[in-house]
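Have a look at the structure below, then the notes.
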Amino acid sequence: MEPQGAQVKVTFTTTEADIQLPEAKRQLLVPADIRRYGLSRILNSESMLDTGAIPFDFLVNGSFLRTSLDEYLQSNGLSLESNVSLQYVRSLIPPVYEASFEHDDWVSAVDVLSGSSPAGRWSGDAFQHGQERILSASYDGLLRIWNTSGQVIATSPSGSHGGHIASIKSAKFLSNTQLASAGMDRAVRVWKYTEKDHFSGELKPTLELYGHTGSIDSLQVDGQSKRILTASSDGSVGFWATSKASAPEADTSLLPGAHLSKRRKVTSSVSTAQRGPLALMPIHNSPATAAIFDPRDRTVAYSVSQDHTMRTIDLTTSIVVSSLSTSHPLLSLCAISRGTFPLLAAGTSARHITLVDPRVSATTTSVMTLRGHTNKVVALSPSPENEYSLASGSHDGTCRIWDLRSVRPATKDEGLGSVSEPAYVIEREGREGKKKAIAGDGYKVFDLTWDKLGIFSGGEDKKIQINKGRDLTI
């Protein structure tokens, strides 16, 4: 035990310019038994930052302080005479539950149209605040557009009326009037969306894109260039235009009913233009699971696959310019904008998330590993407010919030490199108190997106779940 009234010398540091302490106030003697809350009160005090009540967290050697200072010193074999450097950062606030929207079938994909979402920005002045919308895709083959009150404003037509003829796996807003979807019927569909008033709308198919020979499991869009990326179980990555005039003719052998007799062909009451890809790149040896645009250079794309690889693609030439091999099948992908080059996060079948700098050689592939999920990680979304947080969705039935500022060295069993653990775990609403299968059966999360409007997730429980998504740092 430490002597009664023992004190520890600390040095406060931060990388956040607006909350820097003057040089003369950075070193201080504090009680040895002080914890995060006490340290936060000291920093907020009138004699220090005079900031009122900002909740702070404190990093010691890259890890968040979760004990008293004396407990930290004891566990690390340090004496009370040690000078402890404390990096203070704004705390992440718990993403509290807000609402759930019920579906008839599993929810395979979710997206958001808001002032802070990509599609809202691509819409420019055409998007009006107060007209935020939520897009969901389901295994019943239908798209639904919701308002923030949980009312369905529009539902896509069935297969016989121009819609998907099988389960939808991915869907994204391109703007407030256009969206794209893809799924098990191997087609990408582009839709025009209109609203008669704020309570009813219409989804009309305007273009069908064919080229893949397997299920399309992931779709990403760029509303500025009007381009789409797809990843398919056939091992290829597709690059598409969203307008009929810009898209080439489709391979007729891949069109619906191409190998059926005239009598057996499925007829649709809607005639929609059919086109092919700008490029179809068979670059993976196993199913391609995700493809995304570089957030700063739309002529560059990244893809991941069950073949354990992450590939960088030059979309102007359709050439793979680099390939990184990992130890596990990769199932999901997102980019975190950091400086000139993004940091890529890839979800794996081995229950963790690998963070990769695409510029780094294959011998030092992983920058950091995020550990905590108990089943495969199938969805990832970066924070809309900062460059150090992301959310993940897993078949273990949870979404997790990660703070990349919290890092510790990997243990011998975890291998080399750095490890981070989740800051918060988001359970499925209604699952509390029930016996939880480790695999997450009945509650698997299939997709999520993080917007200032909320953290939206969908899955096997047939619900869109919304948790607080903005001001998670104060």
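The values are calculated or read from the model by the stated rules, or taken from the named source; none is laboratory data. Since the structure is predicted, the reported quantities are computational estimates derived from the model, not experimental observations. Cβ coordinates were reconstructed from backbone atoms using ideal geometry, including for glycine residues, and neighbour counts include every protein chain displayed. Accessible surface areas use protein heavy atoms only, side chains included; no ligands, DNA or RNA. Shrake-Rupley method; radii C 1.70, N 1.55, O 1.52, S 1.80 Å.
Being modelled with pLDDT of 90 or more and under 26 Å from residue 420 (Cα atoms), is that true of even one residue in segment 23-31? No. If the condition is being open to solvent by 10 Å² or more (accessible area, probe 1.4 Å), assigned to a loop (DSSP other than H, G, I, E, B) and out of contact with any Phe, Trp or Tyr (no Cβ under 9 Å at 6 or more places or on another chain), then segment 215-238 contributes 215, 226, 233, 234. Here segment 133-171 is the region considered, the condition is being without any contact (Cβ under 8 Å) to a residue 60 or more places away in the chain and β-branched (Val, Ile, Thr), and the residue that is nearest to residue 379 (Cα to Cα) is 145. Scanning segment 372-416 for residues that are among the charged types (D, E, K, R), part of a loop (DSSP other than H, G, I, E, B) and more than 16 Å from residue 330 (Cβ to Cβ), we see that the one that is most open to solvent (accessible area, probe 1.4 Å) is 412. Looking at segment 1-77, the strands (runs of 3 or more DSSP E) lying wholly inside it that each contain 1 or more residues that are open to solvent by 40 Å² or more (accessible area, probe 1.4 Å) sit at 7-13, 27-31.
Consider residue 345 carefully, then state whether it is in contact with a Cys (Cβ under 6 Å, 6 or more places away or on another chain) and under 26 Å from residue 386 (Cβ atoms). Considered against the rule, which asks whether it is in contact with a Cys (Cβ under 6 Å, 6 or more places away or on another chain) and under 26 Å from residue 386 (Cβ atoms), residue 345 comes out as yes. Selection over segment 1-58 of residues that are farther than 24 Å from residue 386 by Cβ and hydroxyl-bearing (Ser, Thr, Tyr) gives a count of 3.
Might you let me know whether segment 241-252 holds any residue that is open to solvent by 50 Å² or more (accessible area, probe 1.4 Å), in a strand (DSSP E or B), at pLDDT 95 or above and more than 24 Å from residue 352 (Cβ to Cβ)? No, that holds for no residue. Considering segment 422-444, the residues that are at pLDDT 75 or above and over 22 Å from residue 345 (Cα atoms) include one that is least open to solvent (accessible area, probe 1.4 Å), namely 428.
For segment 301-314, the count of residues that are among the hydrophobic types (A, V, I, L, M, F, W, C), surrounded by fewer than 16 Cβ atoms within 10 Å (Cβ to Cβ) and either over 15 Å from residue 368 (Cβ atoms) or in contact with a Pro (Cβ under 7 Å, 6 or more places away or on another chain) (or both) is zero.
The single condition from (1) open to solvent by 40 Å² or more (accessible area, probe 1.4 Å); (2) part of a strand (DSSP E or B); (3) modelled with pLDDT under 85 that residue 419 fails is (1). Here the condition is being open to solvent by 30 Å² or more (accessible area, probe 1.4 Å), touching a Gly at 6+ places or on another chain (Cβ under 7 Å), more than 19 Å from residue 215 (Cβ to Cβ) and among the β-branched types (Val, Ile, Thr); of 148, 194, it holds for 194 alone. Those residues that are over 23 Å from residue 224 (Cβ atoms) and touching an Asp or Glu at 6+ places or on another chain (Cβ under 7 Å), I need them from segment 129-152; list them, please. Answer for segment 129-152, where residues must be over 23 Å from residue 224 (Cβ atoms) and touching an Asp or Glu at 6+ places or on another chain (Cβ under 7 Å): 138, 139, 140, 148. Selection over segment 151-166 of residues that are open to solvent by less than 20 Å² (accessible area, probe 1.4 Å) and hydroxyl-bearing (Ser, Thr, Tyr) gives a count of 1. Evaluation of residue 110 against the conditions (1) β-branched (Val, Ile, Thr); (2) farther than 19 Å from residue 222 by Cα; (3) open to solvent by less than 20 Å² (accessible area, probe 1.4 Å) shows that the sole unmet condition is (2). When segment 81-92 is filtered for residues that are surrounded by 16 or more Cβ atoms within 10 Å (Cβ to Cβ) and in a loop (DSSP other than H, G, I, E, B), only 91 remains. Here residue 100 clears all of (1) open to solvent by less than 70 Å² (accessible area, probe 1.4 Å); (2) under 30 Å from residue 468 (Cβ atoms); (3) free of Cβ contacts under 8 Å to residues at least 12 places away in the same chain except the condition numbered (3).
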